[in-house]
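Inspection log for the structure reproduced underneath, given as structure tokens.
What follows is calculated from the coordinates using simple rules that are stated; it is not laboratory data. Fair warning: this is a prediction, and the values are worked out from it, not measured in the lab. Reconstructed Cβ throughout: ideal geometry from the backbone, glycine too, with neighbour counts over all protein chains shown.
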Amino acid sequence: MISFPKIAQLKSVARFRERVSELGLDLPIDDQLLTAVEGSPLALPFQVGKRIVGNRWCIHPMEGWDANYDGTPSELTIRRWENFGRSGAKLIWGGEAAAVCEEGRANPRQTLATSTNRDGLRRLCETVHAAHRQHGWSCDDLLVGLQLTHSGRFCKPLPDLRFRPRIAWHHPILDARIGIDARDDRPVWTDSELETLIDQYVNAARLAADVGFTFVDVKACHGYLLHEFLGAHRRPGKYGGDFDGRTRLLLTIVDRIRHAVPELGVAVRLSVFDSVPYQAGPDGGVPAPHDHLLPYEFGFGIDPLDPTRAVLDEPIQLLRMLESRGVWAANISAGSPYYNPHLQRPAAFPPSDGYGPPEDPLVGVVRQIHAARDCKRAVPGLPQIGTGYSYLQDYLPHVAQAAVRAGWIDAVGIGRMVLSYPQLPADALYSGQLQRKSICRTFSDCTTAPRNNLVSGCYPLDGFYKALPDAKKLKAIR
């Protein structure tokens with residue numbers, strides 16, 4: 001496996017900057033972490049749709065694998081949402097990846113955005129607001145949304161944990177990985193079935209508005225269904241083929257929600273580049289064999305002659321179309337945690353079903369930050385949120401502050417970092433000091449756990465999860 005210095009070993013901003021320079025990377029880094037009183041760029045309000053958001057910190061949506069089997073929130077789910085509220089972040093981006101139908105869940109304990117969970121969704125929304133107020137903050141500039149999703153190829157809706165995929169098209173590499181017969185078209189969505197799916201998204205959005213959410217995120221990232229459709233070059237009919245066909249499903253859902261629930265904001269989390277799937281190699285992850293598939297027609301935002309290289313022309317065109325349709329904001333992500341996690345979620349240690357990092361994870365962080373910068377420069381009027389910062393660890397706020405100051409991005413989101421250190425935004429804004437013992441070190445236990453039917457949480461650093469019976473099971477799996 002490739003060896004590289006761990007972030008925890010870099011004991012100062014100066015040494016961190018040296019490491020970035022050694023790798024030949026271009027990354028803005030502030031020497032001093034400023035508080036809100038000292039004029040931190042991260043403390044500045046900004047406009048998202050019709051609302052003013054109180055600062056530049058965002059909490060990314062998650063799949064906690066901890067709802068009840070009927071899709072209602074468990075006490076573990078409620079605890080996570082309380083942490084979102086007490087984080088100090090003023091933008092809660094979806095909070096939860098909620099499936100628009102039972103069969104669309106990525107795991108059997110995923111939250112549902114269906115009428116059967118109306119009271120549960122209301123409780124989540126009320127929980128985050130109550131926790132925010134309990135810490136002395138106003139909710140007037142707090143923006144809370146719900147992420148709407150269908151897991152598509154990666155559906156595992158039942159407790160037996162078998163894949164029950166619904167796909168946009170046959171993928172010559174991914175089909176084999178999850179047991180899809182390339183000759184069997186039964187998992188492929190028909191155009192008429194997609195009309196029903198669109199209705200389910202609209203119903204879920206209407207429900208979100210009814211229970212108090214201010215916006216919904218129409219999830220189009222990480223290999224899930226709406227992201228997969230963006231790469232459906234070989235799909236016939238109106239939902240595939242050329243750019244207009246491949247973006248039609250996402251744009252139709254956006255338009256239908258805005259028409260049906262005009263008071264509700266709509267946002268999109270988007271993987272702006274993908275890559276050929278990776279697999280374990282002797283020294284870390286390597287691209288799956290794909291020379292026989294060139295030109296590669298199985299992804300979005302990639303070079304068809306070199307599908308390990310990002311090309312942002314189409315993603316930028318899509319962002320412009322989303323802006324023209326009144327979308328409030330875009331959350332810029334990349335790749336998929338299922339088949340190229342080093343792009344989407346750079347980490348020092350792989351999950352149990354993953355592969356070792358094929359590069360210093362800092363390279364993956366900077367790749368995402370640059371992609372988001374390029375998208376922001378190309379579509380400056382659309383508020384955009386950055387992703388992939390957690391691996392920066394101690395220096396996450398130093399880079400976030402510099403990136404926002406430089407106009408590379410409007411706000412910075414954190415995901416797995418919230419599991420170990422939910423109050424990081426508040427500490428950065430109000431004390432200017434981080435609690436090192438709480439900083440996520442990207443051990444990937446929060447991914448290994450759900451991959452093995454355990455609830456997701458930070459088992460190494462959160463004493464609550466350390467005390468759960470699942471902690472012993474996870475240790476045995478590791």
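Placing unit charges on each Cβ (+1 for Lys and Arg, -1 for Asp and Glu) gives the chain a dipole about its Cα centre, and among Val366, Leu158, Ser444 the Cα reaching farthest toward its positive end belongs to Ser444. Fewest-first ordering of Leu294, Leu230 by other beta carbons within 10 Å of each residue's beta carbon gives Leu294, Leu230.
A simple packing score, the average count of other Cβ atoms within 10 Å per residue, orders the peptides 110-117, 338-345 as 338-345, 110-117, with the highest score first. Only Lys, Arg, Asp and Glu carry charge here, each on its Cβ (+1 for the first two, -1 for the last two); on that basis the stretch 399-478 has a dipole of about 420 debye about its Cα centre. Ordering 300-307, 177-184, 52-59 by mean Cβ neighbour count within 10 Å, with the highest value first, yields 52-59, 300-307, 177-184.
Reducing the stretch 1-75 and the stretch 151-185 to their Cα centroids gives an inter-centroid distance of 33 Å. Pairs of Cα atoms nearer than 8 Å and 6+ residues apart set the relative contact order; for the stretch 7-442 it is 18 percent.
Taking the DSSP bridge list for the chain and keeping only pairs wholly inside it, about 25 percent are antiparallel.
One decimal place: the segment Arg123-Ala476 gains 123.6 nm when fully extended, by the rule 0.36 nm per residue minus the C-alpha distance. Measuring nothing but how far apart in sequence close Cα pairs (under 8 Å, 6+ apart) lie, relative to its length, the stretch 30-140 scores a relative contact order of 25 percent.
Between the residues Ile173, Gly241, Leu225, the greatest Cα displacement towards the positive end of the dipole of the stretch 137-245, with unit charges on the Cβ of Lys, Arg, Asp and Glu, is found for Ile173. Using only side-chain charges placed at the Cβ, +1 for Lys and Arg and -1 for Asp and Glu, the dipole size of the stretch 200-310 relative to its Cα centre rounds to 440 debye.
Summed over qualifying helices (DSSP H, 4 residues or more, each -39500 (n - 2.57)) and divided by its residue number, the chain shows a 222 nm mean residue ellipticity of -10000 deg cm²/dmol.
A Förster radius of 25 Å combined with the Cβ-Cβ distance from Arg234 to Asp160 puts the calculated FRET efficiency at roughly 0.20. Measuring between their Cα centroids, the stretch 417-467 and the stretch 236-276 lie 33 Å from each other.
Selection among Leu461, Leu91, Phe300 by position relative to the dipole of the chain gives Leu461 as farthest towards the positive end (Cβ unit charges, Cα centre).
Extension gain for Thr116-Leu293 works out to 59.3 nm (0.36 nm per residue, less the C-alpha to C-alpha distance). Remark: the Lys11-Asp210 segment gains 66.8 nm on full extension, using 0.36 nm per residue and subtracting the alpha carbon distance. The distance between label points at Gln435 and Glu22 comes to 3.1 nm (points 7 Å beyond Cα on the Cα→Cβ vector). Residues whose amide H comes within less than 5 Å of that of Ile167, counting only those at least five positions distant or on another chain, are Val188, Trp189 (H built at 1.01 Å from N in the peptide plane).
When each of the peptides 16-24, 127-135 is scored by the mean number of other C-beta atoms lying within 10 Å of its residues, the order from highest to lowest reads 127-135, 16-24. Please state the shape class of the stretch 314-409: rounded when a/c is under 1.5, otherwise prolate if a/b exceeds b/c and oblate if not, all from the C-alpha gyration tensor. Verdict is oblate for the stretch 314-409. About its Cα centre, the dipole of the chain is roughly 920 debye, where the only charges are +1 on Lys and Arg Cβ and -1 on Asp and Glu Cβ.
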